[in-house]
Amino acid sequence: MNRNKLWFAATLIAFWFLVYLNLEKLAALLSGATGLSGVKEGYARSFEFFIFEVPKVLMLLTLIVFVMGIIRTFFSPEKTRGLLEKKSLFLGNVLAAVLGIFTPFCSCSAVPLFIGFVEAGIPLGVTLSFLIAAPMINEVAVILLFGLFGWQTALIYVSTGLVIAITSGYIIGKLKLERFVEEWVYEIKSVKTETEEEKITFDNRIESGYAAVKDIVSKVWLYIIIGVGIGSLAHGYVPEDFMAGIMGKSAWWSVPLSVLIGIPLYSNAAGIIPIVSVLIEKGASLGTALAFMMAVIGLSLPEAVILKKVLKLPMIFIFFGIVGAGIMIIGYIFNLIY
Amino acid sequence: MIEVRVLGSGCARCKELEKMCFNVAAENNIDVDIQKITDLKDIMSYGIMQTPGLVINGKVKLSGKLPTAPTLLHWMQEG
């Protein structure tokens, strides 16, 4: 193990904490320097919100993506598949959903992954639990929820996401829908080609952390700035309770409507969550907002198009129907509780 | 002649990997036969679960990520 690399990473993390813990003071210093501190006008409130939230969220994102990048080196689709083989239905669904959080996953690999799982004899329902959880509970979404709402909401999001992935997969498994999988999927017999087992060193793991930061942060930083920017404007200018009529608790139809609007909106979590956080501040209820976010992140048309290669049309509808219904139920439950 | 197969049905990284293979081979004067495999059934027959996949002389070298240029060169020279 390279000691210098370890020290370098440790120094970066220490510096991160130093800045993060003093971020409020730094932001106050900056707004003081511009003379906007204490001004009650909309633009000043928008500005103060923006200069605190953007660095906060970006910093949280960088740290967690780094840590997740390291954690993910301990998991691989092959290992996950091995763990899921020969598991009973319900236990398999639970395990698949949890592993969905940690297994490296890119939606472009959804199809090879699906085939790889099914071919290994993993039941359809268990495979789908994995494919629901993996995109829905992604680190970007969880960090943004943590940063903008607090840890309780992040925890609620993760646990409801797990519940939906587990139950939807379980129901699909019980319905015995294997006939809606394209036949050729079952005909593929992969030749056991020689795959070289890579030795992963500690250095490699830290490098994977850096690579994940480079990869993900470079993709989402702009969305975060735009999302928080729109959020800041709304924070300063939109009146309180503005959203109460449309997305408040009293509007029962708002939950299904949010889900329907959310499906074609394939925005990444980075852009949508800052906006949702302001919707809530302006009177939208938590359940409705949660349903909207899950529909946006977890159910997307591009994903349906990708899955269409391996699933027949009725299966796509059943899949979206069950997950969509699950999201709505969660939305209503949260509107009832809070 | 080294046989290089890039497995991928069109993701951004798959194209990048193909380009990398061409570049590394050209820069080091390695005699290679590079082919891209885009058909899902053919990709799956190699037993990978993430794209891009890289196969050199029939051996799956990696899947789901890009190699560094020196690693790629090492694999090609080995083969």
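The values are calculated or read from the model by the stated rules, or taken from the named source; none is laboratory data. Small disclaimer: the values here were computed from a predicted structure and weren't measured. Positions of Cβ are backbone-derived with ideal geometry, glycine not excepted, and every protein chain shown enters the neighbour counts.
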Checklist outcome for this item: Residue pairs qualifying under the 6 Å Cβ cut-off, at least six apart or on distinct chains, with the first in the stretch A:314-338 being under 16 Å from A:VAL296 (Cα atoms) and the second being of a type in the set (Gly, Ala, Ser) and surrounded by fewer than 17 Cβ atoms within 10 Å (Cβ to Cβ), are none
Checklist entry - Got at least one residue in the stretch A:162-179 being in a loop (DSSP other than H, G, I, E, B), within 14 Å of chain B (Cβ to nearest Cβ) and without any contact (Cβ under 8 Å) to a residue 40 or more places away in the chain? => result no
Next on the checklist: So A:LEU91 ticks every box in (1) of a type outside the set (Phe, Trp, Tyr); (2) surrounded by fewer than 17 Cβ atoms within 10 Å (Cβ to Cβ); (3) modelled with pLDDT under 90 but one. Which box is left unticked?
Outcome noted: (3)
Checklist outcome for this item: Scanning the stretch A:286-317 residue by residue, the ones that are buried (at least 18 other Cβ atoms within 10 Å of the Cβ), within 29 Å of A:GLU119 (Cβ to Cβ) and of a type in the set (A, V, I, L, M, F, W, C) total 7
Checklist entry - Is it true that A:THR11 is assigned to a helix (DSSP H, G or I), of a type in the set (S, T, N, Q) and exposed (fewer than 11 other Cβ atoms within 10 Å of the Cβ)? => result yes
Checklist outcome for this item: Matching residues in the stretch A:110-126 (closer than 19 Å to A:VAL163 by Cα and either part of a helix (DSSP H, G or I) or within 14 Å of chain B (Cβ to nearest Cβ) (or both)) number 3
Next on the checklist: Can you tell me how many residues within the stretch A:127-145 are within 14 Å of chain B (Cβ to nearest Cβ) and not hydrophobic (A, V, I, L, M, F, W, C)?
Outcome noted: 1
Checklist entry - Which one of these does A:PHE75 not meet: (1) more than 15 Å from the chain's Cα centre (by Cα); (2) at pLDDT below 90; (3) in a helix (DSSP H, G or I)? => result (3)
Next on the checklist: Would you confirm, using the coordinates I've provided, whether A:ALA270 is touching a residue at least 12 places away in the same chain (Cβ under 8 Å), part of a helix (DSSP H, G or I) and crowded, with 22+ Cβ neighbours inside 10 Å?
Outcome noted: yes
Checklist entry - Taking the condition at pLDDT below 80, more than 30 Å from A:ILE329 (Cα to Cα) and not charged (D, E, K, R), does A:THR195 pass? => result yes
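Yes/no per residue for (1) buried (at least 22 other Cβ atoms within 10 Å of the Cβ); (2) in contact (Cβ under 8 Å) with a residue 12 or more places away in the chain; (3) among the acidic types (Asp, Glu); (4) in a helix (DSSP H, G or I):
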| position | (1), (2), (3), (4) |
| --- | --- |
| A:LEU61 | yes, yes, no, yes |
| A:ILE64 | no, yes, no, yes |
| A:GLY69 | yes, yes, no, yes |
| A:GLY82 | no, no, no, yes |
| A:LYS87 | no, yes, no, no |
| A:ALA96 | yes, yes, no, yes |
| A:CYS108 | no, yes, no, yes |
| A:LEU128 | yes, yes, no, yes |
| A:LEU131 | yes, yes, no, yes |
Next on the checklist: Please go through the stretch B:13-36 and give me each residue that is over 15 Å from A:SER109 (Cα atoms) and either within 14 Å of chain A (Cβ to nearest Cβ) or in contact with a Ser or Thr (Cβ under 7 Å, 6 or more places away or on another chain) (or both), ordered by number.
Outcome noted: B:GLU16, B:LEU17
Checklist outcome for this item: Checked A:SER31, A:SER46, A:SER76 against criteria (within 14 Å of chain B (Cβ to nearest Cβ), surrounded by 17 or more Cβ atoms within 10 Å (Cβ to Cβ) and polar (S, T, N, Q)); the one match is A:SER76
Checklist entry - Given the structure, is A:SER37 assigned to a loop (DSSP other than H, G, I, E, B), away from chain B (no Cβ under 14 Å) and at pLDDT below 85? => result yes
Checklist entry - Taking the condition buried (at least 19 other Cβ atoms within 10 Å of the Cβ), over 23 Å from A:PRO77 (Cα atoms), of a type outside the set (S, T, N, Q) and in contact (Cβ under 8 Å) with a residue 60 or more places away in the chain, does B:VAL24 pass? => result no
Checklist outcome for this item: B:GLY10: passes all of (1) at pLDDT 85 or above; (2) part of a loop (DSSP other than H, G, I, E, B); (3) more than 8 Å from chain A (Cβ to nearest Cβ) but (1)
Checklist outcome for this item: Within the stretch B:40-63, residues within 7 Å of chain A (Cβ to nearest Cβ) and among the charged types (D, E, K, R) come out as B:LYS41, B:LYS59, B:LYS61
Checklist outcome for this item: Checked the stretch B:50-79 for anything buried (at least 18 other Cβ atoms within 10 Å of the Cβ) and farther than 18 Å from B:ALA12 by Cβ; matches are B:VAL55, B:ILE56, B:VAL60, B:LYS61, B:TRP75, B:MET76
